[in-house]
Each structure stands twice: as structure tokens, then as C-alpha cells.
1. Please report, ordered by residue number, the helices (runs of 4 or more DSSP H) entirely within the range B:1-103 with at least 3 residues that are among the hydrophobic types (A, V, I, L, M, F, W, C).
2. Scanning the range A:148-163 for residues that are within 14 Å of chain B (Cβ to nearest Cβ) and exposed (fewer than 15 other Cβ atoms within 10 Å of the Cβ), which turns out modelled with the lowest pLDDT?
3. Residues being closer than 18 Å to B:THR29 by Cα and in contact with a helix residue (DSSP H, G or I) (Cβ under 8 Å, 6 or more places away or on another chain): count how many of those fall in the range B:217-226.
4. Can you say whether A:GLU168 is assigned by TED's automatic domain parsing to the domain that holds A:PRO39, more than 30 Å from A:THR38 (Cβ to Cβ), in a helix (DSSP H, G or I) and within 28 Å of the chain's Cα centre (by Cα), as far as the supplied structure shows?
5. For the condition under 19 Å from the mean Cα position of the chain (by Cα) and assigned to a loop (DSSP other than H, G, I, E, B), what is the one hit in A:VAL152, A:VAL147?
6. So if I check each of A:VAL111, A:VAL132, A:VAL94, which one is more than 24 Å from B:ALA138 (Cα to Cα) and at pLDDT 85 or above?
7. Exactly one of these conditions fails for A:SER96: (1) in a strand (DSSP E or B); (2) surrounded by 19 or more Cβ atoms within 10 Å (Cβ to Cβ); (3) not aromatic (Phe, Trp, Tyr). Give me its number.
8. Residue by residue through the range B:89-108, note down the ones that are at the interface with chain A (Cβ under 9 Å from one of its Cβ atoms) and closer than 19 Å to B:LEU171 by Cα.
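The values are calculated or read from the model by the stated rules, or taken from the named source; none is laboratory data. Since the structure is predicted, the reported quantities are computational estimates derived from the model, not experimental observations. Please note: Cβ atoms are built from the backbone with ideal geometry, for glycine as well, and neighbour counts cover all protein chains shown.
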Amino acid sequence: MRHSFLDKYAYQDTPVHRLDGRAKVIVLGATILAAVTTPVQAWWALAGYALLIACLISLARIPLLHVVTRWLVILPFILLAALSAPFLEGGRTVWSSSMLGLNVSEHGLHVAAGAIAGSTVSVLALITLVSVTPMPSLLEALRRLRVPAVFVMLLSFAYRYLFILVDEAERLETARESRSFGGGRLTHMRALGRMIASLLVRSFGRAERVYAAMLSRGYDASRPIPEAGRRFEGHDVAFLSAGLVLVIGLRSSVIWIPAMR
Amino acid sequence: MDSRNAIEISDLHYRFPDGTVALQGVTLTVREGEKVGLLGPNGAGKTTLLLHLNGLLRGPDSSVKVFGEAVSRRAIKSVRRRVGLVFQNPDDQLFCPTVYDDVAFGPQNMGLEPHEVHRRVNDALREVGMEGADKRSAFHMSAGEKKRVAIATVLAMDSVILALDEPASNLDPRGRRELIELLKTIGRTQIIATHDLDLARQLCARLVVLSGGKVAADGASETILSDHQFLHAHGLA
């Protein structure tokens, strides 16, 4: 079965795709770090990060729709996380209901808006990163940036087995579908629960077999693997320094927020 | 003929953690360069026996020997280098994002220099007829291609003994035919666990029939495969 991979556009040949994975990881990682720590009052900084990402997307010729649809998948989670923020205490009360016992504060609204804007920028940065870097290069970049090997391996397995798991789930679903006749919502939920349990058990079995295969080929978690990789070139250095200067500059500009002066 | 014993198994017993008996007293010797078919119905203990060959499962220290060396905790690394295990499902064997990474995994763990790893990966892929596939992802390959790459992952380690678990399962007739041809050309000592009698006939001069965790027969393929009544009694016909 064919799935549209997360890194569907990662194998194009554009200036952005040709950059060293490490440079992209650092610049976009810095963007995320900056975005989540920038208060919403410094809206120009948040807009700046978004603009940087937009430039990368357009230079890399990634269809905007691809990025937006993936962002929409994450959006409900962002909204859910921001849901309670308006009721934080502090600042002027904007709206209150004695019946519900709830107060919406100005400070709370700022926090909620900041959370939504910050995580949106972060998610866009991540989508961009995986769209302009093939997964193997991304993993290599993380390894060479000294990310602990266990994390890199986890990510690598997630990428390798995600679609196999989806295939398996689809097969289970087909098997259920072909045997279910009517039945109410409860029956359906029960079947779904059993399906999930079955998927878990199968994955557990697979994990054991994969680990056995790793041991068979001499896997030893404590041994680092020597690597010969490409070196940073001129355009990598240029991108890295320009990106970092821009992000750090924007992040520092929060001192111009009127209330913080 | 002056060939050494590649594998010696003497009175091997194994019981699963839940108490089910899997092997009860298996004794078996495989000479270097031999191709031995390990026949048996589902649940006969074929896979369990293969897992003992490279120490993934271990009995008492003296029950399995590889080129005279007991498969003990201390010897585990050299044993795993010599015995290349090819799992039934290539999706278990190929766990890396690219074919190159998968084939390089063993050599890298052996601590080889990057250029040597590179050479071995290329040689192994050429040997199984998959040269040029190094950047591809296993997810997008056919069952036959996956199987070839899975075999390359152990060839790259220079394993002298190949232990293959149901190599032809899930392959279409052409994939199966090509796999048989491949196994004929790559030589080495091979132990092939299967219940595919025709594959066993084509590849192995000697067969060992495992049934209920015991060796039910050990002899020339022709003799064993012509005894229809015996095969029927052990769920193979």
C-alpha cells in the first residue's frame, strides 16, 4: 500500500534542499526556541519568524497547501492546549461571569494568543524542516549534532515502522468491516478497542523481533558508530549565520514592547 | 574431504518462558559448506533452533558449538559474526531508513572503518543483485527485493554460516524461483528452515526433519522426500 510520506517533497533539488542538514536543524531549531519564548506583544518578531519560514518554503518550492493541511491536523491540539489560558489571573479583567465563576483576564488572553502563535510558528518550522530534508539526512544531521543515539534511533524506527503500522491497522479494519453486520455504536467501539489492543500486541512482538535482528548483527548500544560525512560548505555557513542573526535579532527586539520598557 | 564441523548441537533442550517445551534433546552436526534443510511443520521448533545458532537463545554452555567454539556469553560476538541469521519477515530485519544503512549496520557494529563498511555494503548488494538500491527505503520495495537486501545484511558481515528462516515465505513464484537461484550461487554453509519441500529438494542434499522439538529424521533429501508416509505423519505432506 502507498502512503504519502511526511517527507514527500524532501527529495526535490533546490538550494534549500542542498543545504547541510545540520544547518537547517540549527536554524529552524533556533526559530522554534525563539518563537515559544517570544511574548505575543512582540508580534513583529513572530511575524518575522513566519516570514523566514515562508521564504524557505517558497525557495524550496513546497506547495503552500501541503504545509497548511499538515498544520491544520495539529491545530486542534494547539487550541486545546490554549483553551484554559484566558482564565489565568493577572492584569485587567476583560469579561467575567459570576454564574460560571470565570474571569477572563487581559494577561490570560495574551498568554493564549502567544501560545497559539508560538506553537503555530514551531509547527510550521518542523513541517518545513522535514519537507526540505530527507529523513536519512535529518537523522544523520541529528547524530552529528551529538543528539543521544537512542533518541535518533527512536526517531528512525518511528519513521521506518509508522507506515507498516498503518498498513496493519488498515488490514485489521478491513477484517473487522468484512465481518461486522450492523450493530450499534457500542459494538463498534468495543471492536475498535480490541483492534487497538491487537495492534499493540503485534507491535510488541515486532519490537522483540527487530531487537533480535539488531543483536544478531552485533548491536551494542554503548558503542558509537564512526561516521564519514560531508563538511560544511560556504553556502551552509552563509545560511547558518544569516538565519541565526535574523532569529536572534528578532528575539532580542522584544525589549521594544512598550510595557516592558 | 577435509571439512570442519561448522555447527555441533548436542542434546539441546529449550522451554519457553511460559513453560511450553520447544526443543527436547536435539542433536545435530553440520559440516562446513553443507546446505542443510531444516524441515518441520509449524511449531516444530525450527525458528527456536535457529535462534540458538547465534546465541539469541542460549542453552547450557556446551550444547551449541560454532566451529568448535561454545556459544557462551563470552563468545557471543564472534559467533554472531560467523552466523548470519535471516529472519522470516524482512520488515523485522530491515529496520533502517535506507537500504544502505541496513546493510551497513552489521559492519559498523563490527567497528570497521567507513571505507571498508562502504566496500562491504557495495559487494553485498552486488552479490544479491541489488546494486544501486542503497538509497531506497525498504518500505517501497517488493517482497523479493526486501528478501535480497535482508540476505545482503548478513553477507556484509562476512558470515560463513547463513541461517535462513522460511526464506521463500510471502514470495510469488518468480520471486521464489529467483531466491532459490540466489541461494544456489552464494555458497557458504546454509541452514534453511522451511516447510517448502520443493525448495528444500532444490537447495539441500541433506534434510533434517524436526517434529515436536525432536529430530525425527536426518538423511539424504531423496530418501526422506520419497517416504510419503513419513512426511504425512509429520505434517509435511
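1. B:46-53
2. A:LEU162
3. 3
4. no
5. A:VAL147
6. Matching residue, one of A:VAL111, A:VAL132, A:VAL94: A:VAL111.
7. Failing condition for A:SER96: (2).
8. B:ASN89, B:ASP91, B:ASP92, B:GLN93, B:LEU94 - these are the residues of the range B:89-108 that are at the interface with chain A (Cβ under 9 Å from one of its Cβ atoms) and closer than 19 Å to B:LEU171 by Cα.
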